[in-house]
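Before any comments, here is the structure.
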Amino acid sequence: MKVLIVESDLDWRNSLSAHMGDLGYETSVCATLGQAREVLRGRQPDILLTDVGLPDGSLLPELASLRQHFPSMGIVVLTAAQRMEERIRCMSDGADYYLARPVKLEEVSATLTALARRMKTVPHQSSPQSEKWAFNRRSGRLSSNGATALQFTDKESTALAALLQSPNYPVSHGQLFDLLRSGGEEYDAHRIDALIYRVRQKLRSLEESPMQIRNIYGEGFLMLRRNSSVDIVLEP
């Protein structure tokens, strides 16, 4: 499995690369945002392990775009910042894991192992005759050919967007918990299950729903397209 490490600190970058290599990962490294962009233009790694704050800019504003362009790529973010707002934004925009420094090599490798175990690295490809759908997470509107098919609440939209951003591997209760808790609201596993149930029922109300939600035991929830011809675009 190929891992791209984006880290500005030379010693930490080398330590990560050596440790991942010892575990059997094929690693490549770069130190800046510009170098990361260049590498990603040429090839897609299976997992991106990246610092947020880099010498030439922050990766945070680009997470949503990365998830959109590389839907099957695992994304693990490392950062010294521990603000809840940044954590929520990272997870909402498409990061699979958010690790706050200081972090041990063993924690990083355990995170990558957990992510790799549940990943399927074959990306979804649209066919020329694909059935076009779009979901706007701000408005909560699921549409086909510009016509609104379903309307979701704000919380339902957050959950649905998270599932669409992880097309090949499950979204856990913990990830949804991090995305949904805000404004003093408390979420537990039962409330998340109830929320997913409402989203699932809305999707089932369509005569031919473009997707369905599957429960993956011990892992969370996985969004499946009805068939390979269904193309769903997640709008910002």
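The values are calculated or read from the model by the stated rules, or taken from the named source; none is laboratory data. None of these values were measured; they are calculated from a predicted model. Positions of Cβ are backbone-derived with ideal geometry, glycine not excepted, and every protein chain shown enters the neighbour counts. Just so you know, the surface numbers come from the protein's heavy atoms only, side chains and all, with ligands and any DNA or RNA stripped out. Shrake-Rupley method; radii C 1.70, N 1.55, O 1.52, S 1.80 Å.
What the table below lists for this structure:
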| read-out | value |
| --- | --- |
| Hydrodynamic radius by Kirkwood, which averages 1/r over all alpha carbon pairs of the chain, in angstrom | 18.6 |
| Long-range HN-HN contacts of Met211 with modeled amide H, under 5 Å | Arg226 |
| Heavy atoms of Tyr98 accessible to a 1.4 Å probe, total area in Å² rounded to 10 | 20 |
| Karplus-derived 3J(HN,Hα), 6.51/-1.76/1.60, for each residue of the stretch 67-73, Hz, glycine and proline x | 5, 5, 7, 10, x, 9, 7 |
| Ordering of 132-142, 159-169 by packing [mean C-beta count within 10 Å, highest first] | 159-169, 132-142 |
| Listed residues Lys104, Lys2 arranged by accessible area, highest first, probe 1.4 Å | Lys104, Lys2 |
| Helix-only CD estimate at 222 nm, as mean residue ellipticity for the chain, using -39500 (n - 2.57) per DSSP H run (n ≥ 4) | -11500 deg cm²/dmol |
| For the stretch 198-204, Karplus couplings with θ = phi - 60° (6.51, -1.76, 1.60), whole Hz, Gly/Pro x | 5, 4, 4, 5, 5, 4, 5 |
| Solution diffusion estimate, µm²/s, Stokes-Einstein, the stretch 143-236, Kirkwood Rh from C-alpha pairs, 10 °C, viscosity 1.306 mPa s | 114 |
| Inter-label distance, nm, simple model (7 Å from Cα along the C-beta direction), Ser109/Arg181 | 3.0 |
| Area accessible to solvent at Asp154, 1.4 Å probe radius, in Å² | 110 |
| Under-5 Å amide H pairs with Glu131, H placed in peptide plane, nonlocal only | Val230, Asp231 |
| Ranked by how many other beta carbons lie within 10 Å on average, peptides 110-116, 200-206 from highest | 110-116, 200-206 |
| In Å², nearest 10: area of Met119 left accessible to a 1.4 Å probe | 20 |
| Built amide H within the under 5 Å cut-off of Leu150, gap 5+ | Leu142 |
| Derived scalar couplings ³J(HN,Hα) [the stretch 22-30; Karplus, 6.51 cos²θ - 1.76 cosθ + 1.60; whole Hz; x for Gly, Pro] | 4, 8, x, 7, 8, 9, 9, 10, 8 |
